[in-house]
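Reading through the structure tokens given below for one structure.
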Amino acid sequence: MNQDRKIYFYNIESADDHSASFWKNTYGIVNSQGGRFVLDMSLKESYRWINRSAGKWSDPWPITMLEKYKMPKYDPNFRKSFTDITDDRAREVIKEIRDQDSIFILSWSGGIDSTLTLAALLKNMQNKDLKNLRVYCDTSSFIENPYFYKNHIEDKIETIDASKHRLEDIVDVKNKLISTYQTECLTGSVAWLDLQINFYSYLKNLSYDSKRHISNIWNKATTADVHFTQFKDLLINLYSSGDNKNLGVLWYDKMLKNINSCNVPVHSLYDYFWWNMFNIKLIPTSIKLLFKDNSKVINEDFIFSWYLTEDYQKWSMNNNNNGEKIDFYANSHKIAFKKYIFEFDRNKWYLNLKHRLASMDHIRIKDKSTLGGGPPPDSRFAIDDGFRYMYLTDRHTQDFIIEHLNAYNIDW
Amino acid sequence: MHSSIEKYYGDNTVYYSLYYSAMDSFVLVETKNIFVAEQTAKVLSSKIALAVIILPLDEKNTVMHNSTVDQFGLTNQRYMSKMHIGLRKQTPIVTFLRHSKLIKRKLKFNADTNKNINDIKCYAKFCQKILHAINLSYLLHKHHFIEMEQQEYEKLFLRSTTKEILNPVEEIMNILYFANNEDEAINNISSLRKKYIDYANSKAVHQNYMRRDIMEFLTLFDTLANLKESNESRS
């Protein structure tokens, strides 16, 4: 195997006994500081990060990127509103329906991201366009947004029962899947929400002075008044592991080097978490849910990535700390999205109280027996630039991993 | 998890609360019945994702009341895995506190946020009252709803899947789930009341007895739910 082969996506995750055992054994073989850092980090959070920015960042193995994932250049003069961007995106879908008679399948969970997409389509579509729209959903989607289902979907749009049909059996070049997986990369992360809810427990182990300082500035964490470096001790604490405080220091320094060289404004603590998502987690977020599914569902020709546009990304880079993404509490997360939805459905409860939930379960593969033969999906390590899976069970892949981890140094 | 059944019930050792994790806020306290607490959280789930938290009722812990829920929060949710923001669902979870404590704290919300929280608290109290009323009144008059009782037996013991009629508790839960506010719910409950009177009137035999029994059921429900009074004050 060519050890210089490039990778689109990789995943260091102890997902089952075999993969956990593999990564544990690998830890015993890898001697480099960089390789051990990656493996240590993977125990805190699956390690699968890919830098999209101009900021400095190193990876253990050669990475390549599809054009659509590359980050647009920051434009401080970008002024297009969220509503205009969203309406334009809906018009793109409608144009393709009218020009090519394509069918679009929206995977609707009832959550904010897919509801915004559906609201935009329904707002901009004429009745004649609706015949080309399918809503892929199940009871869990109804549970998450019952008013929207009753008022706008039931008996109005053709639905596909997600509990009975697999996406890979439905999508193809004529029946495109509208994916909405990148939203959190535009608006900020679940890591922030977790921190916001459990803030005081994450202050444990900090010095008295540090605790006091961070507590005092905490309510400005989503404003431009306080730079994220003022929260340095907290950030290091978050990514430290047991007695290994150095892990948190290394991660903080790696992120700081990237942020300082990326030419995009990253100011508040909230921005720090947003950048983490927007830059290094966008590709994993786009692929991770489907990574263990049939390879057909990650075929780029079949997917219309709703939020993966230059406009949305430029909006995201220009709307930090102004209340468009969050006020402070989790119920105000993605507020620009919820305001758009409210303009369409007038549901004040959803506007004011809806918050992020685990709402993608209905599209995850439910039964691995449906994947056919081959090694189990949990043993998938990567997708290479030929769209081939690399398996942990494969000797060449094992050599590839160990060789690259051993050669990886702390270079930041 | 506790292995003793007593630990779960409102037997003066525990009480229940409805908790909104996104804003570390309590919405409601229920002191009597864990199942009504869960039903209330379920009908509210069309509007808000809540957890039912079983809280200790003893001298060591401060006790929260509906009038004081604003003052309380949790130290953290970190160790209650079901509460984790990445795993939470819209449906209510029922849980004990784990490695977390009820604390007095003051959160500063803006006026809009305060209004939103107050709106849902008011609706939650209304739902709680209605659910207590319907559970009790239906339990005491269940034997009058002959078809429903038969369907319940068919479903439970004959495993029939043809159940079509919702019982009064289910009907009320449906109304509370879909209503946008208290007024809308009261209107729909009025329609349901009429449906039950029609049900009695449709009986070919013993119509008078049936009408009397159904009226007793409705009167008890209205009394427990305090609905007549609110209807009168509205008119």
For region B:42-56 and region A:50-112, what is the separation of their C-alpha centers, rounded to whole Å? 36
For chain B, set up a GNM with springs between Cα atoms under 10 Å and report which of B:TYR209, B:TYR15, B:TYR177 has the largest fluctuation. B:TYR209
Two-site label geometry, A:ASP88 and B:LYS194: point separation in nm, points 7 Å out along Cα→Cβ: 5.2
Within region A:122-209, list the GluC sites (Glu not before Pro) lying in a DSSP loop whose Cβ has at most 14 other Cβ atoms in a 10 Å radius. A:GLU154
Ordered by fewest other Cβ atoms within 10 Å, a rough proxy for footprinting exposure, B:THR162, B:THR62 read B:THR162, B:THR62
Could you list the GluC sites (Glu not before Pro) in region A:1-75 that lie in coil according to DSSP, counting only those with at most 14 other Cβ atoms within 10 Å of their Cβ? A:GLU45
Note on region A:164-312: contact order normalised by length, alpha-carbon pairs under 8 Å, 6 or more apart, percent, works out to 44
GNM, chain A, Cα, under 10 Å: largest mean-square fluctuation among A:LYS128, A:LYS245, A:LYS232? A:LYS128
What distance in nm lies between label points placed 7 Å from Cα along the C-beta direction at B:ASP112 and B:VAL205? 6.4
Hey, rough spin-label estimate for B:ASN180 and A:THR64, points 7 angstrom out along Cα→Cβ, what's it come to in nanometres? 5.4
For Cα pairs less than 8 Å apart in space and 6+ apart in sequence, what is the mean separation divided by the residue count of chain B, i.e. the relative contact order in percent? 18
In the Gaussian network model of chain B, springs joining C-alpha atoms below 10 Å, which of B:HIS144, B:HIS84, B:HIS132 carries the largest mean-square fluctuation? B:HIS84
From the square roots a ≥ b ≥ c of the eigenvalues of the alpha-carbon gyration tensor of region A:163-245, which class results: rounded (a/c under 1.5), prolate (a/b over b/c), or oblate? prolate
Can you sort A:LEU195, B:LEU156, A:LEU122 by how many other beta carbons sit within 10 Å, fewest first? B:LEU156, A:LEU122, A:LEU195
Measuring from a point 7 Å past the Cα of A:LYS220 along Cα-to-C-beta, which residues in region A:246-269 have an amide N at less than 20 Å? A:265-269
Cβ-based exposure ranking for A:TRP412, A:TRP251, in which fewest neighbours within 10 Å come first: A:TRP412, A:TRP251
Multiply the residue gap between B:MET215 and B:LEU158 by 0.36 nm, knock off their C-alpha separation, and tell me the result in nm, one decimal place. 17.4 nm
Per DSSP helix of 4 or more residues, -39500 (n - 2.57); summed, then divided by the residues of the protein assembly as shown. What does that give at 222 nm, rounded to the nearest 500? -13500 deg cm²/dmol
Once you have a ≥ b ≥ c as the square roots of the Cα gyration tensor eigenvalues for the protein assembly as shown, tell me rounded if a/c is under 1.5, and otherwise prolate or oblate according to whether a/b is larger than b/c. prolate
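Each reported figure results from applying straightforward, stated rules to the coordinates on display, with no laboratory input. In this text the structure is predicted, and so the values were computed from the model without any measurement. All Cβ positions, glycine included, derive from the backbone under ideal geometry; neighbour counts span all protein chains shown.
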